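Before any comments, here is the structure.
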Amino acid sequence: MIFETVIGLEVHLQLRTNTKIFCGCANQFGESPNTRTCPVCLGLPGSLPVFNAKALEYALKTGLALNCEINPQFKFDRKNYFYPDLTKAYQISQFDQPVCRQGELIIPGDGGAAKKIRINRAHLEEDAGKLIHDDARNCSLADYNRAGTPLLEIVTEPDLRSSQEAYEYLRILKLTLSYLDVSDCDMEKGSLRCDANVSIRAPGDAKLGTKTELKNMNSFKAVKAAIDYEVNRQRAVILGGQRVVQETRLWDENKAMTFSMRSKEEAHDYRYFPEPDLPLVTVPEEVVEEMRQTLPELPQAKMERFTQTYGISVYDAGVLAQDRLTAGFFEQCAALYPEAKKICNWLNGDVLKEMNERKITVAASTLQPEDLVDLIRKIEEGAVSQLKAKDVLKIMLDSGKNCSAIIAEQGWGQVSNDEELLKIAQQALADNPATVAQIREGKLSAIGFLVGQAMQKSGGKANPKKIKELIEKNLQAGADGKPF
Amino acid sequence: MITDQDVRYVAALSRIHLREEEVDRLRKNLEDILRYIEKLNQLDVSAVEPTNHVLPLKNVLRPDDARPSLTQEEALSIAVEKSQGAFKVPKVIE
Ligand SMILES: [Zn+2]
């Protein structure tokens, strides 16, 4: 029996503000435990939270980038539950008036066409502290450095129909967010966390099946794997004549399975009520419009502009747009040099490869747009061969030297001297009499082989165009220089 | 109608341990409160702005500037038990 998979995602995004959402403690990671706390984020009696203006700005930016409506007026609410990762026994969150509502994100859908994923809401809340469970001593150790980190929870409608679509949604979401520079978006570090609501139903069923909520995935791949596992599990349950139980299930990366969390029913009765310590927030239309003006060009728009302005392919534009700063680097190069396609080939080819090997980005490297354009020009002028230019790039990245200096130092200047080239060309003919004979019998394609041999002899330094000319000339003249 | 079961449930959510004889008294209290709310619900408030906050305040925001935090010693001075720079608490499995 065929089932349809229905998925909704909840993404918790840590906002990269200087300070926490309701107090002035630094929003920093990797510090000693409990060194970034104060009476507010420790929930001490008498302390009062004050909303961080930057957290609001980042939430608005994100909401607008996701085509959300901005709520002109919103409040915070208390979500009550007892667990030692919260100091106050409640989390300040938003219940019925989220800062952003009804947005959408366009992803590549399963059929290949663009697909609109509706976003139900995005709301602000504070992150909880971190607990380390000590089984041997039957206790938990609580570190509240993270407590109060601003979170934006972005919730989709159940519009995703496969684990692949869920993966694409996360990929496009992260790409969009990286343009806004509002979060690190690093799942391994926990700055982006994703829970998945998964159910299956017979195709054409209007009613959704019973869903389970999957947690504890720490990469996009894990989200995909957990959904795949869960869909198969639910299929087996239904085909076995049983019912799927609504519950939270944890993904176990090592076992590659989901496990029921078996939480108590009452754990989900949060008794929300308006937060009395925080007054209302209003966001006037002018502020929203002003914020909209500050939004950078987003990936989709950039891709379209690149293909139109620079005449590069959709694929090339897509690769460039994967990193906002690389895309910027490309445009700086294109302002200096007219052949955008050549720049693009270098950036998406050898530059990207070398950057990946060094585990850095173009922006973080010493490479300047002028350097790359210089290198391309040197090839064009015949001062260095295409082949050796790749090595020049490597040294440029490692040493920060300019390409002229490297070419001179390494003695990689392309040999364009006619006398020297003639020697190399004649040697290639003399070394390969059989090939020469073939060519004279009409197999002209074998000329390429001779050019290759000559290039190899020269250590890649010969100007290939000139070598080819000389070889052709000498073939007409005869390998020994005498005419046929 | 509030049942004894409701009282025990709400108490459990709030981690309040009730003695058996308290359940009946609290059930009656809660019923009184709900009856009062019921009365309030009969008023026509359609023309009244909801009170979102007791003070007429709006948009109280602060700039994103860091301020010194407590030291680890200061933070942990209120801990009942501590270990390795952390608050040591009984193990709770959610
Ligand atoms: Zn604090």
Specify the residue that is farthest from the other protein chains (Cβ to nearest Cβ); the eligible residues are those in the stretch B:49-79 that are open to solvent by 100 Å² or more (accessible area, probe 1.4 Å) and in contact with a strand residue (DSSP E or B) (Cβ under 8 Å, 6 or more places away or on another chain).
B:Lys58
Within the stretch A:1-42, take every residue that is without any contact (Cβ under 8 Å) to a residue 60 or more places away in the chain and more than 10 Å from the ligand (Cβ to nearest atom) and give me the one that is surrounded by the fewest Cβ atoms within 10 Å (Cβ to Cβ).
A:Gly30
Residue that is nearest to B:Phe87 (Cα to Cα) [pool: residues in the stretch A:93-110 that are within 14 Å of chain B (Cβ to nearest Cβ) and open to solvent by less than 30 Å² (accessible area, probe 1.4 Å)]
A:Gln94
Of the residues in the stretch A:46-86, those that are in contact with a Ser or Thr (Cβ under 7 Å, 6 or more places away or on another chain) and among the charged types (D, E, K, R) come to A:Lys54, A:Asp77, A:Lys79
Suppose we filter A:Leu397, A:Leu429, A:Leu450 for residues that are among the hydrophobic types (A, V, I, L, M, F, W, C) and under 20 Å from A:Ile343 (Cα atoms); which single one remains?
A:Leu397
Is it the case that some residue within the stretch A:34-52 is in contact with a helix residue (DSSP H, G or I) (Cβ under 8 Å, 6 or more places away or on another chain) and among the charged types (D, E, K, R)?
no
Which of the residues belonging to the stretch A:156-167 are surrounded by fewer than 20 Cβ atoms within 10 Å (Cβ to Cβ) and either part of a strand (DSSP E or B) or under 19 Å from the mean Cα position of the chain (by Cα) (or both)?
A:Gln164, A:Tyr167
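Conditions (1) within 12 Å of another protein chain (Cβ to nearest Cβ); (2) in contact with a Leu (Cβ under 8 Å, 6 or more places away or on another chain), marked per residue:
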site	(1), (2)
A:Thr87	yes, yes
A:Ile117	no, yes
A:Asp135	yes, no
A:Cys139	yes, no
A:Ser162	no, no
A:Leu177	no, yes
A careful count of residues in the stretch A:195-248 that are surrounded by 17 or more Cβ atoms within 10 Å (Cβ to Cβ), within 22 Å of the chain's Cα centre (by Cα) and in a helix (DSSP H, G or I) gives 7
Got a sec? Which of A:Gln308, A:Gln322 is of a type in the set (S, T, N, Q) and exposed (fewer than 12 other Cβ atoms within 10 Å of the Cβ)?
A:Gln308
Kindly indicate which of A:Ala301, A:Ala236 is without any contact (Cβ under 8 Å) to a residue 60 or more places away in the chain, hydrophobic (A, V, I, L, M, F, W, C), closer than 30 Å to A:Val198 by Cβ and more than 14 Å from chain B (Cβ to nearest Cβ).
A:Ala236
Inspect the stretch A:46-58 for any residue being in a loop (DSSP other than H, G, I, E, B), open to solvent by 30 Å² or more (accessible area, probe 1.4 Å) and in contact with a Lys or Arg (Cβ under 8 Å, 6 or more places away or on another chain) and give the result as yes or no.
yes
Looking at the stretch B:62-72, is at least one residue within 25 Å of the chain's Cα centre (by Cα) and of a type outside the set (D, E, K, R)?
no
Looking for whichever is away from the ligand (no atom under 16 Å from the Cβ), touching a Lys or Arg at 6+ places or on another chain (Cβ under 6 Å) and of a type in the set (D, E, K, R) here; the options are A:Asp135, A:Asp159, A:Asp205, A:Asp143. Which one fits?
A:Asp159
In the set A:Thr326, A:Thr361, which member is in contact (Cβ under 8 Å) with a residue 12 or more places away in the chain and assigned to a helix (DSSP H, G or I)?
A:Thr326
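The values are calculated or read from the model by the stated rules, or taken from the named source; none is laboratory data. Bear in mind the structure is a predicted one, so any value in this text is a computation, not a measurement. Here Cβ is always computed from backbone atoms with ideal geometry, including for glycine, and neighbour counts include all displayed protein chains. Heads up: the accessible areas ignore ligands, DNA and RNA and are worked out on the full protein's heavy atoms, side chains in. Shrake-Rupley method; radii C 1.70, N 1.55, O 1.52, S 1.80 Å.
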